[in-house]
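The values are calculated or read from the model by the stated rules, or taken from the named source; none is laboratory data. Nothing here was measured: the structure is a model prediction, and the numbers come from that model. Cβ placement follows ideal geometry from the backbone for every residue including glycine, while neighbour counts extend to all protein chains displayed. Quick note on the areas: whole protein, heavy atoms, side chains included, nothing else; ligands and nucleic acids left out. Shrake-Rupley method; radii C 1.70, N 1.55, O 1.52, S 1.80 Å.
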Amino acid sequence: MQIIHPETLLAAYEQGIFPMAESRDSDFVDWFSANKRGIIPLEHFHISKNVQRIIRQGRFSIKVDSCFREVVVKCSERTDTWINDLIINSYDVLNQYEHAHSVEVFQDGKLVGGLYGVHLNSAFFGESMFKSEPEADKVALYYCHQILQKNGFRLWDTQFYTDHLGTFGCIEIDKSEYELLLEEAMGKECRFRL
């Protein structure tokens, strides 16, 4: 099984660099560092009233890291994806080192949504999310925010800004501003726990 060594991955994230494959079938990854960076300021995160109602109703149950690999695989199951086997295997190992995490959404015992990302000191680098039930991905984002806020995280990196992420409070910042936030986040240790 080929992997990117955990130390290589973490050293890259520490410098604001992340891997992406060209497609699901690619055998390798390319490394990226965006000039404009997407982040969700923890104090500005918000979700719709509909999602808040779903959470209050307790329609879903939430777990962390109970089926990490399955979440990553489900995130890769779309027409256009940058997640290949090398990424799946590498992040699975990173999860075993407690530097990658998944927030999992279940309904009637079945995994119906979730997200995963990389955790380094007080930074969380969101990688991807999926849903097979309406709003399950948004519920995962809500609980991810709860975890980051409760445990004192300083940076929630989304890599890129999208209009979809903008509905949750995501903004786009210049690389120089991002590098300052990243450096600050590297100065504090946090744990990722529900």
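Below are the figures for this structure:
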item	result
Residue match in segment 22-37 (condition: farther than 25 Å from Asp137 by Cβ, assigned to a loop (DSSP other than H, G, I, E, B), hydrophobic (A, V, I, L, M, F, W, C) and more than 17 Å from the chain's Cα centre (by Cα))	yes
Criterion (under 16 Å from the mean Cα position of the chain (by Cα) and in contact (Cβ under 8 Å) with a residue 60 or more places away in the chain) met by exactly one of Leu148, Leu181	Leu148
Qualifying position, being modelled with pLDDT of 95 or more and surrounded by fewer than 15 Cβ atoms within 10 Å (Cβ to Cβ), among Arg56, Arg37	Arg56
The one condition in (1) under 19 Å from Trp82 (Cβ atoms); (2) open to solvent by 10 Å² or more (accessible area, probe 1.4 Å); (3) of a type in the set (Phe, Trp, Tyr) that Phe153 fails to fulfil	(1)
Some residue of segment 39-58 being in contact (Cβ under 8 Å) with a residue 60 or more places away in the chain, in a strand (DSSP E or B) and either among the hydroxyl-bearing types (Ser, Thr, Tyr) or in contact with a strand residue (DSSP E or B) (Cβ under 6 Å, 6 or more places away or on another chain) (or both)	yes
Strands (runs of 3 or more DSSP E) enclosed by segment 60-127 - at least 3 residues per element that are touching a Cys at 6+ places or on another chain (Cβ under 9 Å)	100-107, 110-120
Residue ID - most open to solvent (accessible area, probe 1.4 Å), chosen from residues in segment 1-34 that are hydroxyl-bearing (Ser, Thr, Tyr) and under 22 Å from Cys170 (Cβ atoms)	Ser33
